[in-house]
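All remarks here apply to the structure that follows.
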Amino acid sequence: MFKKSKTPFVIVLTILIGFGSFMSCKKDEVTPPEVEPPVLMSTPLYDTLGWFIQGGDPSMAIEGQGTKSISDPDNSGQMIQAGRLAIRKVVEGSLQIIAGDTVLAKYFPTLLNEVGNGNTTGFAQLLESFTDFTQQAVSGQMVYQGKSMADAHNNMTYSRFGSANQQFVTDNADFDKFVGDIVLAAQGLNVPNSVIGQLGVILYSTENDIVQ
Ligand code: HEM
């Protein structure tokens with residue numbers, strides 16, 4: 001009589017036991033290691049800006065407020081570092097004042113033409129780029145990917161800057177006017193004068209690259 005072999009059954013059983021113990025081992029092995037979130041660079045000025053934009057509560061410790069992740073009030077569902085938010089608010093107010101400044105209009109023909117036609121794409125890009133530059137300068141985080149200051153302020157290397165008639169910022173008075181508009185915007189947001197002074201130092205550090 002034909003006797004049914006037990007071999008296939010034994011093989012299947014062996015595979016199942018092997019797989020089971022492999023899975024139970026694996027469960028232990030894949031326990032993810034504790035991953036520390038990356039430490040973002042900051043400075044006392046960046047922390048102060050972050051503290052300020054959250055209401056400037058005197059009982060709140062300032063340290064750590066710059067890199068604190070908070071809800072972005074202008075982009076629902078997104079988070080933003082408090083220090084970056086403060087900088088973006090100042091930049092936004094500044095660009096609005098600069099856009100209406102007749103002394104500086106000659107440098108911004110492309111942007112003013114776009115905005116005049118209801119196209120705010122370039123404005124939004126400049127807002128991001130200027131915010132990145134200032135965030136990097138203030139916090140030390142390497143977030144700026146735009147042009148060098150010399151290239152961004154030369155019509156030969158950046159056609160959005162000026163025109164054939166206005167190729168560079170050749171005038172220190174215009175530089176002062178531009179920074180003055182940023183100061184006005186910051187004052188309008190009630191940024192403390194000591195903070196405005198520190199931002200001014202950073203902005204003036206670019207003057208030699210921008211005034212050509
Ligand atoms: C105070 C220091 C300044 C800083 C930190 C600064 C920063 C910047 C940055 C980051 C950009 C964008 C570059 C890119 O995305 O690659 C930019 C563009 C520009 N900047 Fe400045 N800038 C300063 C002063 C000035 C001054 C004094 C003027 C003119 C009087 C000026 C006129 C422009 C113009 C016309 C553009 C191109 C705008 C556009 O996108 O249409 N900037 N600047």
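The values are calculated or read from the model by the stated rules, or taken from the named source; none is laboratory data. Only a predicted model underlies this, so the values are computations on that prediction, with no experimental measurement involved. When we count neighbours, we look across all protein chains shown, and the Cβ atoms used for this are built from the backbone with ideal geometry, even at glycine.
Quick look at the numbers
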{"read-out": "Test: residue in the stretch 142-163 that is of a type in the set (Val, Ile, Thr), modelled with pLDDT of 95 or more and either near the ligand (Cβ under 8 Å from one of its atoms) or assigned to a helix (DSSP H, G or I) (or both)", "value": "no"}
{"read-out": "Condition met for Phe133 (at pLDDT 95 or above and outside any helix (DSSP H, G or I))", "value": "no"}
{"read-out": "Enumeration of residues in the stretch 95-128 that are outside any helix (DSSP H, G or I) and within 8 Å of the ligand (Cβ to nearest atom)", "value": "Leu104, Phe108"}
{"read-out": "Flag if Asn190 is loosely packed, with under 15 Cβ neighbours inside 10 Å, at positive phi and more than 10 Å from the ligand (Cβ to nearest atom)", "value": "yes"}
{"read-out": "The stretch 139-151, residues that are free of Cβ contacts under 8 Å to residues at least 40 places away in the same chain, hydrophobic (A, V, I, L, M, F, W, C) and under 18 Å from Ser205 (Cα atoms)", "value": "Met142"}
{"read-out": "Test set (1) in contact with a helix residue (DSSP H, G or I) (Cβ under 8 Å, 6 or more places away or on another chain); (2) exposed (fewer than 15 other Cβ atoms within 10 Å of the Cβ) - Thr170 fails condition number", "value": "(1)"}
{"read-out": "Failed item, numbered, when Asp181 is tested on (1) surrounded by 14 or more Cβ atoms within 10 Å (Cβ to Cβ); (2) of a type outside the set (S, T, N, Q); (3) away from the ligand (no atom under 11 Å from the Cβ)", "value": "(3)"}
{"read-out": "Test: Phe168 is within 7 Å of the ligand (Cβ to nearest atom) and touching a Phe, Trp or Tyr at 6+ places or on another chain (Cβ under 9 Å)", "value": "no"}
{"read-out": "Count of residues meeting criterion [assigned to a loop (DSSP other than H, G, I, E, B) and touching a residue at least 60 places away in the same chain (Cβ under 8 Å)] in the stretch 164-180", "value": "1"}
{"read-out": "Lone qualifier among Thr120, Thr110 - being over 21 Å from Ile87 (Cβ atoms) and surrounded by fewer than 16 Cβ atoms within 10 Å (Cβ to Cβ)", "value": "Thr110"}
{"read-out": "Within the stretch 127-138, tally of residues that are buried (at least 19 other Cβ atoms within 10 Å of the Cβ), under 19 Å from Ala99 (Cβ atoms) and among the hydrophobic types (A, V, I, L, M, F, W, C)", "value": "2"}
{"read-out": "Unmet requirement for Leu85, which otherwise passes all of (1) within 15 Å of the ligand (Cβ to nearest atom); (2) farther than 18 Å from Ser194 by Cβ; (3) not polar (S, T, N, Q)", "value": "(1)"}
{"read-out": "Qualifying residue in the stretch 65-73 (condition: within 16 Å of the ligand (Cβ to nearest atom), touching a residue at least 24 places away in the same chain (Cβ under 8 Å) and out of contact with any Asp or Glu (no Cβ under 6 Å at 6 or more places or on another chain))", "value": "no"}
